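Heads up: the structure comes next, in structure tokens.
Any read-out appearing in this document is the output of simple, stated calculations on the displayed coordinates, not a laboratory observation. Everything quoted here is computed from the prediction, not taken from an experiment. Cβ coordinates were reconstructed from backbone atoms using ideal geometry, including for glycine residues, and neighbour counts include every protein chain displayed.
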Amino acid sequence: MKNIIYLSIVFSIIACNGNGQIKQTNIKSTSTMSNKIEKTDEDWKKVLNPEQFNVLREKGTEIPYSGKYYLHKEKGVYVCAACGNELFKSDTKFDAGCGWPSFSDVIDPSKVVYTKDKSLGMTRTEITCAKCGGHLGHVFDDGPAPTGLRYCINSVSIEFKK
């Protein structure tokens, strides 16, 4: 069963990028957050549910089309589920058809850290929360104008505030 879920995620990631070409963006991290949160895995397990822990701390991925924010349309702000760091405004959210919530921009570039990710046999740009280091998802250069970016985010890694 785990292999089927894994393959489903891999094929969804490839399908989200059209012809299977996954490009790394050329974004450079500008994070200067001074109020960083550092906890042990045991401390994180006390405040995160098992699915959140898997995604945020172990760099897992939720099953595509399963997240609570995939089709969410309310107006407000999306924050890191682990630490409350404000990440995305709802007016930058769009339906990329890839199975995960997608945003065209972050509230502030200092709120996230960009890292080259070569897992799953491809090169992508991972984004993590600059405040707590939680894995959020990946950013691609196939989004709408004006940024041309698509921040593909796991629903379990974020919370919504009206």
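So which residues in region 44-64 are assigned to a helix (DSSP H, G or I) and either of a type in the set (Lys, Arg) or under 16 Å from Glu159 (Cβ atoms) (or both)?
Within region 44-64, Trp44, Lys45, Lys46, Val47, Glu51, Gln52, Phe53, Val55, Leu56, Arg57 qualify.
One residue is enough: does region 33-45 have a residue meeting the conditions of a type outside the set (Lys, Arg) and either under 21 Å from Lys162 (Cβ atoms) or touching a Ser or Thr at 6+ places or on another chain (Cβ under 8 Å) (or both)?
Yes, that holds for at least one residue.
Restricting to region 75-122, give me the number of residues that are among the β-branched types (Val, Ile, Thr) and more than 19 Å from Phe140 (Cα to Cα).
2
Rundown of residues vs (1) under 15 Å from Lys161 (Cβ atoms); (2) within 14 Å of the chain's Cα centre (by Cα), yes/no style:
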| site | (1), (2) |
| --- | --- |
| Thr61 | no, yes |
| Val79 | yes, yes |
| Gly84 | yes, no |
| Ser90 | yes, no |
| Ala96 | no, yes |
| Thr115 | no, yes |
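Any idea which residue in region 117-133 is surrounded by the fewest Cβ atoms within 10 Å (Cβ to Cβ), counting only those that are over 10 Å from the mean Cα position of the chain (by Cα) and under 19 Å from Ala81 (Cβ atoms)?
Gly133
Among the residues of region 134-145, is any without any contact (Cβ under 8 Å) to a residue 12 or more places away in the chain, at negative phi and surrounded by fewer than 21 Cβ atoms within 10 Å (Cβ to Cβ)?
Checking region 134-145: at least one residue is without any contact (Cβ under 8 Å) to a residue 12 or more places away in the chain, at negative phi and surrounded by fewer than 21 Cβ atoms within 10 Å (Cβ to Cβ).
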